[in-house]
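Below is one structure, written out as structure tokens; the observations come after it.
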Amino acid sequence: DSGVTQTPKHLITATGQRVTLRCSPRSGDLSVYWYQQSLDQGLQFLIQYYNGEERAKGNILERFSAQQFPDLHSELNLSSLELGDSALYFCASSVFGTDSGNTIYFGEGSWLTVV
Amino acid sequence: EDKVVQSPLSLVVHEGDTVTLNCSYEVTNFRSLLWYKQEKKAPTFLFMLTSSGIEKKSGRLSSILDKKELFSILNITATQTGDSAVYLCAVLPEGSNYQLIWGAGTKLIIKP
């Protein structure tokens with residue numbers, strides 16, 4: 001158990017809909033990262049937050065957005081869903097600013113299936 | 001452009017064999033290299049390497065970094081079926097705000 005909690009574990013939704021994925025980082029971690037992993041694809045970095053502020057953006061579509069709240073939990077919002085958005089979405093966290101912060105720890109992921 | 005290349009892409013061996021997975025990288029201002037194991041779901045952390053030539057070891061797994069030749073290897077001895085997974089390598093450049101650059105992974109299958 002990495003200490004990173006993601007909900008829901010699985011969800012199935014129709015095209016055009018919107019979903020919210022939630023993540024609680026490890027206790028003490030200030031940075032949260034979101035990744036997308038499609039079947040047979042590598043990890044695609046989406047976005048990073050540090051202490052409530054957006055820190056870096058990767059290959060995140062405009063239909064997707066995220067935020068990190070004062071209690072450090074984060075949400076990834078996916079809207080106008082398309083079949084191609086079906087993937088495993090990981091949240092990861094790390095301590096920022098210390099040597100140990102080089103290691104990021106992953107949650108179990110949220111399986112999204114768009115039908 | 002920074003990149004991480006892992007080889008082979010996939011590998012099938014028999015239980016008891018020893019395997020070596022490779023990770024080469026091209027990044028500006030290298031800081032550290034990390035190995036993860038991904039089974040069904042979340043990648044789990046294995047090793048972090050920052051210094052060249054120092055082996056990290058955990059049970060049957062070991063890894064070493066060569067900063068001159070820009071690569072790392074992950075060795076697994078006496079493989080077991082539970083070692084079957086995708087092994088991911090990632091590199092952290094300096095000053096990157098902790099943006100890891102990921103390799104595509106090596107899919108390892110251990111046959112009984």
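What the table below lists for this structure:
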item: Overall Cα dimensions of region B:21-77, principal axis frame, Å, largest first; result: 32, 22, 15
item: Which of A:L76, A:S93, A:F64, positive extreme of dipole for region A:26-94 (C-beta unit charges); result: A:S93
item: Solvent-free Debye scattering, log10 I(q)/I(0), computed from the Cα coordinates of region B:63-112 at q = 0.18, 0.24 Å⁻¹; result: -0.72, -1.00
item: A:W111 versus A:E62: modelled label distance in nm, points set 7 Å from Cα along the beta carbon direction; result: 3.3
item: For region A:6-72, the spread of Cα positions along each principal axis, largest first, Å; result: 34, 22, 21
item: Computed FRET value (nearest 0.05) for A:T7 with B:K67, which takes r as the C-beta separation and R₀ as 45 Å; result: 0.65
item: Simple Cβ-charge dipole of the protein assembly as shown, Lys/Arg +1 and Asp/Glu -1, about Cα centre, in debye nearest 20; result: 300
item: Estimated inter-spin distance, A:L39 and A:A14, nm [label 7 Å along Cα→Cβ]; result: 2.3
item: FRET efficiency estimate (nearest 0.05) - Cβ-Cβ, B:T77 to B:T50, R0 25 angstrom; result: 0.60
item: Computed Rg/Rh of chain B, alpha carbon atoms with Kirkwood Rh; result: 0.96
item: Average projection area in nm² (convex hull over Cα atoms of the protein assembly as shown, one quarter of hull surface); result: 12.5
item: Cα-centred dipole magnitude for chain A, charges only on beta-carbon of K, R (+1) and D, E (-1), debye, nearest 20; result: 160
item: Most fluctuating residue given options A:E75, A:E53, A:E62, as computed from a GNM of chain A linking Cα atoms under 10 Å; result: A:E62
item: Over region A:45-87: Kirkwood hydrodynamic radius from C-alpha pairwise inverse distances, Å; result: 11.1
item: Extension gain from B:T20 to B:K111, taking 0.36 nm per residue of separation minus the Cα-Cα distance; result: 31.1 nm
item: Rh by Kirkwood over Cα pairs, then Stokes-Einstein D for chain A at 1.002 mPa s and 20 °C, µm²/s; result: 153
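Every read-out reported here was derived from the displayed coordinates using simple, explicitly stated rules and does not represent laboratory data. As the structure is a computational prediction, the values presented were derived from the model and not from experiment. Here the Cβ is made from the backbone with ideal geometry for all residues, glycine too, and neighbour counts use every protein chain on show.
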